[in-house]
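Working notes for the structure below.
The values are calculated or read from the model by the stated rules, or taken from the named source; none is laboratory data. This one's a predicted model, so the numbers in the text were calculated from it and none came from an experiment. Virtual Cβ from ideal backbone geometry, glycine too; neighbours counted across all protein chains shown.
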Amino acid sequence: MKNLNKFYPILLISPLILFFLVANSSGPPAGNTGSPGDGGTTCTQCHDNTGNFGASVSITTNIPEIEGFTPGATYLVNIVQNSSASLYGFQITAENVSGSRKGTFTSIDANTRTISNDEYAEHTSAGNQFKSWQVNWTAPLNNPEPIVFYVASNAANGNGNNTGDQIVTNQSASFGVLPVEDFTMLEFNLYPNPSDEEIRIDLPEISNNVNYEIYDYTGRVLIKQNLLSFDNNINISNLTAGMYIIRLENNKKIGVKSFLKK
């Protein structure tokens, strides 16, 4: 019995180690982006950060850099890790200058998930096989403030424990808020979504001189034209497959929606 007693601590500790390794393969607990609101905490709480895979991580989004985001609108956020590692992960959040989290994230595929009331997005166990991820971020409708995205990313060696990995961080530029005191929301319907040939725009009432712009995920304006009536079809057949944002403006009303080109 004395010999068996020597193994009891190992038997008790091993399942705990396994639990944390399995859990973090689906992303870490909230609060590990390295942001000011997270107190600079990253995944080094669980990974020793001794690996060297030449890792870096970047954030891009289709929020217009000059105009900023529209309160209540949804935007695409891309996270890309560059490294020679075997497994990959991330956690991202958006904060104002005071370190308070702003807006909410939503997953668009099985490679990501949201946690902590959708204030964070991160990889899943299926997503740790990939170096890039996409999530949607919806800007706050009430009391909107300029925000910055913060991300921490794990370049893992896949050895089944928490040693030999590399943790890297990054942050986006600060995105301002479209001046809402001069604008009100323009409600409209967009369908079909997704689509491969065209999308249809339905406005609730007859509107003249409606301008629209279509942005890609980097914020580039790809199409900029006018709608000539309240019920219109827009040809998107020349766009490559992916997520896009359409922004409508009419008589100091602005509406924004996202759509998927198949």
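Pairs meeting the criteria (first residue in segment 43-61 and free of Cβ contacts under 8 Å to residues at least 40 places away in the same chain, second residue surrounded by 14 or more Cβ atoms within 10 Å (Cβ to Cβ) and in a strand (DSSP E or B), beta carbons under 8 Å, at least 6 apart or on different chains) are 54/82.
Quick check on segment 170-202: of everything there that is in a strand (DSSP E or B) and touching a Lys or Arg at 6+ places or on another chain (Cβ under 6 Å), which residue is modelled with the lowest pLDDT?
Applying the first criterion (in a strand (DSSP E or B)) to segment 170-202 yields 170-171, 175, 177, 184-185, 189-191, 195, 198-202.
Of the ones still in play, those that are also touching a Lys or Arg at 6+ places or on another chain (Cβ under 6 Å) are 184, 190-191.
Working: 184: 73, 190: 93, 191: 93.
Looking at the filtered set, the residue picked out is 184.
If the condition is being surrounded by 14 or more Cβ atoms within 10 Å (Cβ to Cβ) and assigned to a loop (DSSP other than H, G, I, E, B), then segment 46-57 contributes 46, 47, 49, 51, 53, 55. Residue 242 falls short on exactly one of the conditions (1) closer than 18 Å to residue 64 by Cβ; (2) among the small types (Gly, Ala, Ser); (3) crowded, with 16+ Cβ neighbours inside 10 Å; (4) at pLDDT 85 or above, and that condition is (3). Residues that are of a type in the set (S, T, N, Q) and either more than 12 Å from the chain's Cα centre (by Cα) or part of a loop (DSSP other than H, G, I, E, B) (or both) within segment 63-101 comprise 70, 81, 82, 83, 84, 86, 96, 98, 100, listed in sequence order. Looking at segment 231-238, is at least one residue in the same structural domain as residue 121 (by TED's automatic domain parsing) and modelled with pLDDT under 85? Taking every residue of segment 231-238 in turn, none turns out to be in the same structural domain as residue 121 (by TED's automatic domain parsing) and modelled with pLDDT under 85.
Looking at this structure, is residue 111 of a type outside the set (A, V, I, L, M), surrounded by fewer than 17 Cβ atoms within 10 Å (Cβ to Cβ) and without any contact (Cβ under 8 Å) to a residue 40 or more places away in the chain? It would help to see each step written out before you state the result.
Numbers: of a type outside the set (A, V, I, L, M): yes; surrounded by fewer than 17 Cβ atoms within 10 Å (Cβ to Cβ): no; without any contact (Cβ under 8 Å) to a residue 40 or more places away in the chain: yes.
The answer is no for residue 111.
For residue 60, indicate whether it is out of contact with any Pro (no Cβ under 8 Å at 6 or more places or on another chain) and assigned to a strand (DSSP E or B). Steps first, please.
Numbers: out of contact with any Pro (no Cβ under 8 Å at 6 or more places or on another chain): yes; assigned to a strand (DSSP E or B): yes.
The answer is yes for residue 60.
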